[in-house]
Amino acid sequence: MVKLTLPEAELMDGGHVACQGCGAALAMRLFLKGTGPDTALVIPACCWAVIAGPMPTTCLRVPTVFSAFEATAAVASGLKAGLRRTGAPKTIVAGFAGDGGTADIGIQALSGAAERNEDMIYVCYDNEAYMNTGVQRSGATPPGTWTTTTPRGLEKSTPKKDMPGIMVAHKVPYVATLNPSFPEDFVAKVKKAASLPGLRYLHVLADCPTGWKHDPALMVEVGRLATMSHFFPLYEVENGRYRMTWEPGQPAPVAKYLKGQGRYSQLTDADIVKVQSDVDARWAALKKLTTPA
Amino acid sequence: MTRHLLSGNQAVGEAVRLARAQVVAAYPITPQTTIVEHLAEAVGKGDLLADFITVESEHSAMAASVGASIAGARAFTATSSQGLALMHEMLHWASGQRTPVVMANVNRALAPPWNIWVDHSDSMAQRDTGWIQVYAETNQEVLDTILQVYRLAEDKRVMVPAMVMLDAFSLSHTYMPVDVPESDVIDRYLPPYSPPQKVLPETTQLFGSFSPPELCYMELRHDLEVAMHQARILLPQVEEEYTQLTGHPSFGAVDEYRTDDAEVVLMAMGSLAATARDAVDALRREGKKVGLARMRLFRPFPADAVRSLGERFHRIAVLDRAVSYGSGGPLAGEVRAALLGIADPPVLAAYIAGLGGREVTQEQIRSIFERLLSGNGLPSEEWVGLKVEG
């Protein structure tokens, strides 16, 4: 047995209304362990607009500002400026948005905030589709995935939008990928982000058993396989310098990750071979970036 | 107090400096841009101690303003036309989250076709967003009104956002003498913003979380409506206090000109009222008893003041600089509704004029007055100055 080193204090209580096995719920719990209590959240339309509970209840022990779908990074910019002007300059302002709210409808405000290097942490919890509206494809949906708008015959063929890469291209001080199935790596990255000024972008893979179609009890397991198979590598980019933060010795076959989820059931064996080769190519490219010359 | 020659946009900038806005988030758009430039310069020089957020769109300008206001800071933004249209969604967040953001909107026509000149279509399309709307006639009034609506919007009984309208070019880029109050006078009028609620670290506060039908959504909407009615009640008091401190005139919700013994009145908004004023004077010199009722406040709608006009005058013309397509001029529509049920209601003549900056001449307004005096052929919707018969 290894004892986890996570902070024990909880800033997210039970009694939330997430689905069973929700990766986004676990992501929030771990995120707040990393930032601590002096945090103010900005949450757009997404699962987390519901998970906290209906007014006036909340499972969060930090102030929470809700806003429009595409507005997270802009509201957070204003909130931070306002807090700076009203005597709370140290409060961590954090946007917490889904992949649709980040990669699609919210990318303009996020790009603007990143270019201005606004002092905030922006978390994208990526469950790889519009899950709150009932599983529609987003720009972050991997090719071949079943969603209600990519059914058989209308499969998505284009790659998943590379949000971490897009954010690195903005030259922000810190970009990292996080996976709640790796809690220590997760919290360490949040803590590092919290210690830095400027725009810090955290891209979290957030399993959604409801949309990914697997037993909710297996959430942590599926998440682990995502990283073990190189499908979702864990790395960070500090001031442009890439570093792998966790690597599996011998990667698991991507097929093992895909076959555990109903959303990939329409993939043929040939499709899976293609996914494996895409994953291998992405990994090789990332290894180049993370290996000092 | 010092007198300066200021454009309408500069008057906005001076007002925001005097208001000591703490966060300014804005995006350039013609003909509003010089407001942003003026404020950037003021912040750069240290005349305004504010965070200046150069957002990437008007949607974000409003989103950032709302965020700043929720943090407890006094927020300001400015826009026009397409920019206001892009903000639409966030205007509801500003009022729904009860943030007293103040915004200047330079009234400009909406595309297509592209047109950067004045009409009121942009702000009229936002009348249901829960914002106070005041329309100015002069640059002096622009400056004064920005300060007054900060007081009104931030009143704890109100707590709703406010937009001040100034007409494109005829105010925004036209230079007029403007008396700029001293900052210590305005500091007495407008103390630092102290909201009843703001983001406080380490609390479980919620700003705008979801509320299903059986919970409080409808009650919160009702609170907003009550607050808007409060704003209407409080406006004269807010203006009066301003007048006492500065000596600048008060106008009220409806600014009446030479109506005491008038037989007929014309209702108009914004800088068109200045043209109408001249027409009134010219007709008065000919002994014709005409008057002007300038609508200054459009939201909350001053129905009582409109009813009072309806009770005193038998014929009223309404001049709209906007269209609610399929329904005519929005001001005319609201005036008609306000007059329903009064004893011996007046005949209403409704005109649409000056869209996309089309010139409205004194002659045209004279002709409206003369028809009104004659009582013949009063239209329910007539477009003034249309080149092709509509």
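The values are calculated or read from the model by the stated rules, or taken from the named source; none is laboratory data. As the structure is a computational prediction, the values presented were derived from the model and not from experiment. Heads up, the Cβs are rebuilt from the backbone with ideal geometry, glycines too, and the neighbour counts pull from every protein chain shown.
For the reader, a short list of remarks on this structure follows.
- Single residue of the stretch A:55-103 satisfying the filter (over 19 Å from the mean Cα position of the chain (by Cα), hydrophobic (A, V, I, L, M, F, W, C) and more than 19 Å from B:ALA94 (Cβ to Cβ)) that is surrounded by the fewest Cβ atoms within 10 Å (Cβ to Cβ): A:ALA88
- Checked against the criterion of being under 21 Å from the mean Cα position of the chain (by Cα) and either under 23 Å from A:VAL93 (Cβ atoms) or assigned to a helix (DSSP H, G or I) (or both), the candidates B:PHE76, B:PHE52 yield just one match: B:PHE76.
- Checking A:GLN20 against (1) modelled with pLDDT of 95 or more; (2) buried (at least 16 other Cβ atoms within 10 Å of the Cβ), the condition it does not meet: (2)
- Single unsatisfied condition, A:GLU236 versus (1) of a type in the set (D, E, K, R); (2) touching a Lys or Arg at 6+ places or on another chain (Cβ under 8 Å); (3) within 22 Å of A:THR147 (Cβ to Cβ): (3)
- Of the set (1) touching a strand residue (DSSP E or B) at 6+ places or on another chain (Cβ under 8 Å); (2) more than 14 Å from chain B (Cβ to nearest Cβ); (3) in a helix (DSSP H, G or I), all apply to A:THR148 but (3).
- Checklist (1) among the hydrophobic types (A, V, I, L, M, F, W, C); (2) within 30 Å of B:ILE29 (Cα to Cα); (3) free of Cβ contacts under 8 Å to residues at least 60 places away in the same chain applied to B:LEU200, failing item: (2)
So that you can scan it fast, the table gives a plain yes or no per residue for (1) in contact with a strand residue (DSSP E or B) (Cβ under 6 Å, 6 or more places away or on another chain); (2) of a type outside the set (Ser, Thr, Tyr); (3) in contact (Cβ under 8 Å) with a residue 40 or more places away in the chain:
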position	(1), (2), (3)
A:ALA27	yes, yes, yes
A:LEU32	yes, yes, no
A:GLY36	no, yes, yes
A:ALA45	no, yes, yes
A:VAL50	no, yes, yes
A:PRO56	no, yes, no
A:VAL65	yes, yes, no
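- Selection within the stretch A:2-23 - on the phi > 0 side of the Ramachandran plot and either out of contact with any helix residue (DSSP H, G or I) (no Cβ under 6 Å at 6 or more places or on another chain) or acidic (Asp, Glu) (or both): A:GLY15
- With respect to (1) closer than 24 Å to A:PRO209 by Cα; (2) within 12 Å of chain B (Cβ to nearest Cβ); (3) out of contact with any Ser or Thr (no Cβ under 8 Å at 6 or more places or on another chain), the lone exception for A:MET28 is condition (2).
- Filtering the stretch B:276-298 to residues that are in contact with a helix residue (DSSP H, G or I) (Cβ under 7 Å, 6 or more places away or on another chain), touching a residue at least 60 places away in the same chain (Cβ under 8 Å) and buried (at least 19 other Cβ atoms within 10 Å of the Cβ) leaves B:ALA276, B:ALA279, B:LEU283, B:VAL290, B:ARG294, B:MET295, B:LEU297.
- Sole exception among (1) under 21 Å from the mean Cα position of the chain (by Cα); (2) of a type outside the set (D, E, K, R); (3) within 13 Å of chain A (Cβ to nearest Cβ) for B:CYS216, by number: (1)
- Subset tally (residues that are touching a helix residue (DSSP H, G or I) at 6+ places or on another chain (Cβ under 7 Å) and hydrophobic (A, V, I, L, M, F, W, C)) for the stretch B:253-275: 8
- Hits in the stretch A:72-100 (condition: in contact (Cβ under 8 Å) with a residue 40 or more places away in the chain and either facing chain B (nearest Cβ under 7 Å) or assigned to a loop (DSSP other than H, G, I, E, B) (or both)): A:ALA76, A:SER77, A:LEU83, A:LYS90, A:THR91
- Some residue of the stretch B:200-221 being in contact with a strand residue (DSSP E or B) (Cβ under 6 Å, 6 or more places away or on another chain), on the phi < 0 side of the Ramachandran plot, assigned to a loop (DSSP other than H, G, I, E, B) and assigned by TED's automatic domain parsing to the domain that holds B:GLU137: yes
Each row is one residue, and each column tells you yes or no for (1) on the phi > 0 side of the Ramachandran plot; (2) in a helix (DSSP H, G or I); (3) modelled with pLDDT of 95 or more; (4) under 23 Å from the mean Cα position of the chain (by Cα).
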| site | (1), (2), (3), (4) |
| --- | --- |
| B:ARG3 | no, no, yes, no |
| B:ASN9 | no, yes, yes, yes |
| B:LEU18 | no, yes, yes, yes |
| B:ALA21 | no, no, yes, yes |
| B:PRO28 | no, no, yes, yes |
| B:GLU37 | no, yes, yes, yes |
| B:ALA40 | no, yes, yes, no |
| B:VAL43 | no, yes, yes, no |
